[in-house]
Every structure is written in C-alpha cells, then in structure tokens.
Amino acid sequence: MYSVNTVIGQPGSFAKERLGGTFDYRWPEEGLQYIPDWIYTSPEIYQREIERIFHGPTWNFVALEAEIPNPGDFKRSYVGPTPVVVSRDTDSSVHVFENRCAHRGVEFCRAARGNVKEFLCPYHQWSYDLRGNLQGVPFKRGIKGEGGGMPKDFRNEDHGLMKLRVARLHGVVFASFSKEVEPIEQYLGPEILKDFEVVFKGRKLKLLGYYRNELPGNWKLYFENLKDPYHATLLHSFLVTFGLMVAGSKNAVIADASGRHGTLASAKPDDVATAVGEVKNEMRAYREDFKLADGRFLNYVREFDSPWSVTMQTIWPNLIVQRELNTLGVRHIVPNGPHSLIMHWIMFGYETDDEEMTRHRLRQGNLMGPAGFLGLEDNEAIKFVQEGVRRSPSDRGIVKLGGDSMGTTRSVIDEGAIRAMYANYRETMGL
Amino acid sequence: MYPGYDMPPADPRATRELRMEIEEFHADYCWTLDCGDIERWPDYFTDDAVYRITARENADAGLPVGLVYADSKAMIRDRAFALKHTQMYAPRSLQHFVTNVRVLEANDQHIKAQSNYLLLQTLVEGPTTIHQSGRYYDTFVRVNGRLLLKERQCVYDTVLIANDLVLPV
C-alpha cells in the first residue's frame, strides 16, 4: 500500500515526529556511530533538508538527454520534491524551470513527456517559450472600449518562470537552484566521475523504459541502502543461492572526498559466468538443488573498460546510477515528506546494442526494479525501517561496523560510507 | 491497444464457448496465485512462453522494458522458485480478479484474447488496497486439449507502484 493508506501509524500519531513545540535537535554526543531517529521522522528536519540540500548548492538529476532528444521535447521532473519542467529549445540547449505559472501558480505541465512549440497554461492561456520566458498574456491591453488589462508598466521579462541552472554531463542533465554550486565535474569529484564515465562517456543511450514506485520510507534510507554493502549477501539470499556473489569476488566501497557520493563496486572472477559448479564448495549457502532453469540472465558480457562488473553509484542528493552486470539504469529520488520517497527508474542500453544484447539487458533487468529479485527486498527492508523508527521507544540506530573508518573502504563489513554521508549531512544541516 | 492485439474482436456468438473456457482458465490461474501456490504458476505457460509485466506508459511508447520479463518457461519457473525459496518480503494476502474477457481471434494456430485484471492486496494490519489495475493481452495455444499461454503481456495502469510487486499477476 502507499504510505497514505496507513491505517495504523498515521503521520502525526507519534511524539517522535516532533510536531509542534520546540525540540533541540542535537546529534547524539557519541558521534557518527549513532544515527538519531528524528532525521527520518521530523517534518522540521525535512523542511531544512529541502532548503539546504535540494534547493541548496547541489546538482540534482532531472533527465537523460535521450529522453528529450529533439527541439520542443520536454518532460516533467523534480528537484527534491519541487516540480520542474525540463525542455529542449530549438537551438538544442536544455532548460529547467519551475512547473508553475507566473500568474496564479498553476502547475501547467501535465503530460509526463511530449513535444511542444510553447508551454501554455490552461487556466488563462498564458504562454511561455521553451526557455520559460513569458510570451503571451491574453487581453494584456484590456478590451477596446472596456478598459482593463495589465498596468502600463507590466513587462513580460519580470514575470517569467523561475529558472534553474543546468549542467549536462555525458548525456545526463542536472539542475540546481544555487548560483554558488561548483561545476558538475568538481561536484562529483574524480573517484565518482571515473565510474560515471564508464557508463555514460561517449555513449548514445537507447531508452528501454520506466518504472515508478512509492516507498514508504525516508529518502535517506535509500542512499544508505546503497552505501551498505553489509546487507548484500544477508538480505539478498538470491545472490548466494544462485552464485552471483562468489567467494573470490573483489569488492570496494568508494566515497568521494566530501563523503556524500559513493560507489559500491564488485568484480566477478573471470571465469565464473554460470560455472557455479567450480566454486560451490566454497559457498555455504549454495545448494545443489537450487539451480536456475535459465541462467542466461546472470551472464556478464564484458562491455566496459573497468575492473568492476558492478558499480552502484549514489550521487547526492537524488541520483543512483545502476550498472549491475549489463543491466543499466538511473534512479531519480523524489522526497515526498519524511515518511515517503518516490523513485523514477529509467532503464537504458546503448544505440550500438544488437537485438540479442538488448534482450540480455531486459532479462537481466529482472534483478532490479520494484519487482526485482534484489530490488524488491530493499524496498521491503526500507519500509520496515521507517515503521520501526517511527513507532519504537528507542530513539537511535548504530553504525559501528568498521569502527571509526570513514569513506572509502575495502571491506564490505564496514559502515564507513554511511558515517561519511552523515558527517557531510551534519555539516550541511547544522547538526 | 497493444501491437498484435489491435484487431476488432471476433464475433462473440461464434466464440461464446471459447470465452467461457478462457474465463475458466483465468479463474484457475487466479486461484493458484491467490492460494500462494506459486510453484504451480509456471504450469499455465508453454515452454517458449513470453511473460511481461509493464507500465502502460512503456507499452504506449513501444518501450520494451518489463517490471517482470521472461521469454521462456524456464525463466518463469526461476521466478516462482526464487519467490518460494529465496525472496524476503512482508506477509500479504492477494486476490486477483479478471473480467471483461474479449476473444479477439481464434484459429488453428492460436487464440488471442484481451481482458482486464485487478489485484487487491492486504498487508498485516493494513487495509485492502488496489495494488494493480491492468490489462492482459493473451495468446493461448492448445496443448493436449488444454489451453496454455504462449504470451501474456500484463500492461498496468497503476504506473506508480505502491512499494513493490512481489507476486505475479
């Protein structure tokens, strides 16, 4: 069910949400090995996140260029929870502006995607060009003989749509409300840029399709999930049962200098493919009778110049880049209040893929997504966390694995990437 | 509309009995899923079956991705097996409803039909909700007198999924 369907545990039914009154938001004095529950449940903290993170000096994913290839193409999108329109002008430049008419505030762009010559608000037919500039105001000079109309000093230039800064990097479009945020390459940093480029640089993407879901949990839980290699073989028994995580895989948990971005990376040993029989003795959870009837979809086609067969990137504050063997996609996080997050998944391949490669990607896609062998379990776990933190008398969680390591680690039994994320978060949020 | 299923329906008078047979198939299929007998679910398909669940926005745009994507009975069996033996998910109760069956085409090769489906889900301490609403685009073949699915495209209207889709439709 959606979070709004909750019968037991309606928003506001727990003191831990800290509605009304004043609450002194102090991080536990023990430091980063503890995470206070109120970061997931407090509407005040959520508001501060929107102001300081999503509307602050960050780059937010809004679109893939492959979604809006032609002049006049547009899509609805979001920066944080704020609706925006991404549009390609006739000169091929890309623009992002608020999805809100300058007149009375109508969210005028209703179709998910499309192609237009101008944007028209249906209420009073105010029109905007593909850059968000106000063009037409019907009856601007009133009606002859009747008067009315806009004041003489009304200028269209003063009443355009709020525009965001745009950065385009290898076919990925980012937007920011901030004038101060550093250029996108610097924002990502070299460690993250490296694996980002493996997926996107020099590639023409071919869209394969969309998934969308609402997870009844705080948006930060999704980031944590992909900075948490610890759960991989424990939650996702599919991985061990069917030989996807093999003894001898190399792993790495990579963070950027700020600690807010990360890459979970792993590499299958060269000759694994589906030759599980060779290593079965090393895998405690492997069972002879647990065999895939059609193991094609676990094959790894070596198409990347990278030591890793899997890179899952978390790019703060709203993007996940998925390279899981040969299934590729981006996940766009839209926070929806403290207890809910919406995810837009865009799955893709490359223009150079032949039909068999495309089909391989589609088959392998069964691993991920809201019905994925791995994907659905994360969604379930996140729901359980949100329910637990909202309703329990205890008020904090612990991240002690790896002691006080921060950021990049080689061990997967280490929560250093989560600690690094919250070190950065505390600084941004003044906690 | 779905490519390959956009013909006008067959004359209902000529296909009345076939429609009833298809409805009986649906009732049996739904019962298997509702009972949680997931390992019997593959029995409804041919060896070379195609089974895809995808959002209406993908079908309308001709995009090939599947929320679930299987192009062999073996893949269908693997999903059933994984759901039974490896997947972690909160306990739930499901009720599948299939209605509005229209026979589109019936010949020696195959039978094409289209119907609507509704999936109601109840989680522990939760209300019963409409988890997914969609359309089936089905191609049946007869194997030893029995109807089996050679293709089932499940195109859902509920584009924004409530968390996840655990069990198939």
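What to note about this one:
- Test result for A:Gly243, open to solvent by less than 10 Å² (accessible area, probe 1.4 Å), modelled with pLDDT of 90 or more and in a loop (DSSP other than H, G, I, E, B): no
- Those residues of region A:376-385 which are crowded, with 21+ Cβ neighbours inside 10 Å and within 7 Å of chain B (Cβ to nearest Cβ), in sequence order: A:Leu376, A:Glu377, A:Asn379, A:Lys383
- Checking each residue in region A:386-417 for being within 14 Å of chain B (Cβ to nearest Cβ) and under 21 Å from the mean Cα position of the chain (by Cα) picks out only A:Gln386.
- Residue list for region A:161-181, restricted to those being part of a loop (DSSP other than H, G, I, E, B), on the phi < 0 side of the Ramachandran plot and in contact (Cβ under 8 Å) with a residue 60 or more places away in the chain: A:Leu161, A:Met162, A:Phe177, A:Ser178, A:Glu180, A:Val181
- Hits in region B:98-109 - residues which are open to solvent by less than 40 Å² (accessible area, probe 1.4 Å) and out of contact with any Asp or Glu (no Cβ under 8 Å at 6 or more places or on another chain): B:Val103, B:Leu104
- When residues in region A:120-142 are screened for being closer than 25 Å to A:Phe54 by Cβ and either under 27 Å from the mean Cα position of the chain (by Cα) or open to solvent by 20 Å² or more (accessible area, probe 1.4 Å) (or both), 4 of them pass.
- Positions within region A:403-421 being in a loop (DSSP other than H, G, I, E, B), open to solvent by less than 40 Å² (accessible area, probe 1.4 Å) and of a type in the set (Gly, Ala, Ser), in sequence order: A:Gly403, A:Ser405, A:Gly407
- Residues satisfying the stated conditions in region A:1-43, i.e. away from chain B (no Cβ under 14 Å), β-branched (Val, Ile, Thr) and open to solvent by less than 60 Å² (accessible area, probe 1.4 Å): A:Ile35, A:Ile39, A:Thr41
- Pairing each residue of region A:130-152 that is assigned to a loop (DSSP other than H, G, I, E, B) with any residue that is loosely packed, with under 10 Cβ neighbours inside 10 Å, provided the two are 6+ apart or on different chains, yields C-beta distances under 9 Å for A:Asn133/A:Glu157; A:Phe139/A:Gly148; A:Arg141/A:Gly148; A:Gly142/A:Gly148; A:Gly149/A:Ile143.
- In the set (1) β-branched (Val, Ile, Thr); (2) assigned to a loop (DSSP other than H, G, I, E, B); (3) under 22 Å from A:Phe174 (Cα atoms), A:Val106 fails one condition alone, (3).
- The selection criterion, being at pLDDT 95 or above, farther than 16 Å from B:Phe25 by Cβ and in contact with an Asp or Glu (Cβ under 9 Å, 6 or more places away or on another chain), does not hold for B:Ser115.
- Within region B:88-104, residues that are over 16 Å from B:Thr139 (Cα atoms) sit with their Cβ atoms under 9 Å from residues that are of a type in the set (Phe, Trp, Tyr) and assigned to a strand (DSSP E or B), at 6+ positions apart or across chains, in these pairs: B:His96/B:Tyr117; B:Phe97/B:Tyr117; B:Thr99/B:Tyr117.
- Qualifying residue in region B:134-152 (condition: under 29 Å from A:Met1 (Cα atoms) and within 11 Å of chain A (Cβ to nearest Cβ)): no
- Scanning region A:204-239 for residues that are at the interface with chain B (Cβ under 7 Å from one of its Cβ atoms) and either β-branched (Val, Ile, Thr) or open to solvent by 30 Å² or more (accessible area, probe 1.4 Å) (or both) yields A:Leu207, A:Arg212, A:Leu235, A:Ser237.
- The number of residues in region B:129-169 being assigned to a strand (DSSP E or B), free of Cβ contacts under 8 Å to residues at least 12 places away in the same chain and in contact with a strand residue (DSSP E or B) (Cβ under 6 Å, 6 or more places away or on another chain) comes to 1.
The values are calculated or read from the model by the stated rules, or taken from the named source; none is laboratory data. Every value quoted in this text rests on a predicted model; they were computed, and no experiment measured them. Cβ sites come from the backbone with ideal geometry, for glycine too, and all protein chains shown count toward neighbours. For accessibility, only protein heavy atoms count, side chains too; no ligands or nucleic acids. Shrake-Rupley method; radii C 1.70, N 1.55, O 1.52, S 1.80 Å.
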